[in-house]
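Have a look at the structure below before the remarks.
The values are calculated or read from the model by the stated rules, or taken from the named source; none is laboratory data. Nothing here was measured: the structure is a model prediction, and the numbers come from that model. Cβ: placed from backbone, ideal geometry, glycine included. Neighbour counts: every protein chain shown.
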Amino acid sequence: MDAMDGIKLPEITPQSPVPRYVQAKRILIDAIKSGTFPRGSKLPSTGKVGDTIRVSLLTAHKAIQCLVEEGWLERQRGRGTFVRQDFEQSVAAKACFRIGLLISPDVQFGDYYHDVLLHGLRQGADSHEPGAELFIQQQNAPATIPSLMADGVICFHPNRDAFDTLEVVAKSTPTLVLGGSPANTNLHCVDAANGQGVRDAVGHLADLGHRDIAIVNGRLSAPTHFHRLQGYLAEMRTRELPIREGYILDAHSTQMTGAARNRLSRLLDADLRPTAIIASGYHLALDVMEIAGLAGLRIPRDLSLVGFDDPKSASLLNPPLTTVRQPLEQMGQLAIQRILQLASGTQPRVRQEILPTELIVRASTARIRGN
């Protein structure tokens, strides 16, 4: 008799935001708990399981392998895969939290910022007991978090208008924001001191004699860029430096679009042009370098430049870039520690963990000529 004869299992939901292998795992776990697959019974072949719940062979294999690693199933050499007699004790001994990483669909993986954050998250997950399984969901819908069937969710730099929804979601699913920390939120957050980082940049330029300082910022719907602009404005006022019309350029992205590039080109060609620019991101700093070169300006002789973030290439540019360094790896490690505390029912003592930035001074900034 075929091992699937008489056994009916639900099918996965292709439209669900939950990864298919996770849906397959949940179907098999429910079948084990309900006795559909009794203790000690041999699991049907991977192909049969996949056909029954409507997933590929690869997806079914991944789901079954995860259940072996988590202690629900065991492989017996030459015989097949069996439901463990002691699966309750085995699963308890190998407890593994499922942590969803909610990231905007327009994020390009492989960039320095997200790559280092993810590295820190994975390091934290690998070193934590009990362990953590991370899965990425690229979507802009915080309201769908409960459907992810996750023990906890880390939201990467959500828009400022998403925080009210996230606070509601956090009542049922442990939720943490990585890269965003509005002052009035009740959410748990891990962030860098973005405002202070830009204040340090303004102070450095002011100490070099610069008064006409512009900022090329990212989209203000992102808390990080909002805080960086607030830091710029605060330090300019503290130093009694002029906040000039047209000196605040919103790039709306991690790179400058055509409209923003044109605005900066016109600003650099104006009679009263800035002698220094703060770029609120590494790629924005590269754009400023390019546009300044096209305008015939030399960095730092004619224009000082401070960036944000410090990949290895920042020190290899010509000239090497003065920049604000974020502790990205540490932020990722801390975020996974905090979400796992929340998932296990522990409330961290501090809701907002704001890690300090560091100004790395290199050759792209210089004392203003004539001072």
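The condition of being within 26 Å of the chain's Cα centre (by Cα), under 12 Å from ALA276 (Cβ atoms) and not assigned by TED's automatic domain parsing to the domain that holds GLY152 holds for only one of ALA214, ALA201, that being ALA201.
Looking at GLN108, GLN85 in this structure, which one is closer than 30 Å to ASP309 by Cα and loosely packed, with under 14 Cβ neighbours inside 10 Å? Reasoning before the result, please.
Numbers: GLN85 fails: closer than 30 Å to ASP309 by Cα.
Exactly one of GLN108, GLN85 is closer than 30 Å to ASP309 by Cα and loosely packed, with under 14 Cβ neighbours inside 10 Å, namely GLN108.
Counting the residues of the stretch 13-48 that are of a type outside the set (Asp, Glu) and either under 28 Å from the mean Cα position of the chain (by Cα) or assigned to a helix (DSSP H, G or I) (or both) gives 24.
Among the candidates ARG263, ARG228, the residue that is touching a residue at least 12 places away in the same chain (Cβ under 8 Å), more than 25 Å from the chain's Cα centre (by Cα) and outside the structural domain of ASP161 (by TED's automatic domain parsing) is uniquely ARG263.
Note on the stretch 54-76: residues that are part of a helix (DSSP H, G or I) and acidic (Asp, Glu) amount to 2. Considered as a group, the residues in the stretch 287-308 that are in contact (Cβ under 8 Å) with a residue 24 or more places away in the chain and part of a helix (DSSP H, G or I) include one that is surrounded by the most Cβ atoms within 10 Å (Cβ to Cβ), and that residue is VAL288. In the stretch 47-70, the qualifying residues are those that are in contact with a strand residue (DSSP E or B) (Cβ under 9 Å, 6 or more places away or on another chain) and buried (at least 17 other Cβ atoms within 10 Å of the Cβ), and the one that is farthest from LYS25 (Cα to Cα) is GLU70.
Considered as a group, the residues in the stretch 309-328 that are touching a strand residue (DSSP E or B) at 6+ places or on another chain (Cβ under 6 Å) and either at pLDDT below 95 or more than 13 Å from SER364 (Cα to Cα) (or both) include one that is surrounded by the most Cβ atoms within 10 Å (Cβ to Cβ), and that residue is GLN326.
When the residues of the stretch 329-364 are filtered to those that are modelled with pLDDT of 95 or more, part of a helix (DSSP H, G or I) and closer than 18 Å to GLU167 by Cα, which remaining residue is nearest to the chain's Cα centre (by Cα)? Filtering first and then ranking leaves ALA335.
Residue-by-condition table, conditions (1) of a type in the set (Phe, Trp, Tyr); (2) without any contact (Cβ under 8 Å) to a residue 12 or more places away in the chain; (3) in a loop (DSSP other than H, G, I, E, B); (4) surrounded by fewer than 16 Cβ atoms within 10 Å (Cβ to Cβ):
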| position | (1), (2), (3), (4) |
| --- | --- |
| SER90 | no, no, no, yes |
| LEU102 | no, no, no, no |
| ASP115 | no, yes, no, yes |
| ALA125 | no, no, no, no |
| ILE136 | no, no, no, yes |
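In the set (1) of a type outside the set (S, T, N, Q); (2) assigned to a strand (DSSP E or B); (3) not assigned by TED's automatic domain parsing to the domain that holds ILE339, ASP51 fails one condition alone, (2).
Taken as a whole, the condition of being of a type in the set (A, V, I, L, M), free of Cβ contacts under 8 Å to residues at least 24 places away in the same chain, assigned by TED's automatic domain parsing to the domain that holds PHE308 and closer than 19 Å to LEU264 by Cα applies to ILE243.
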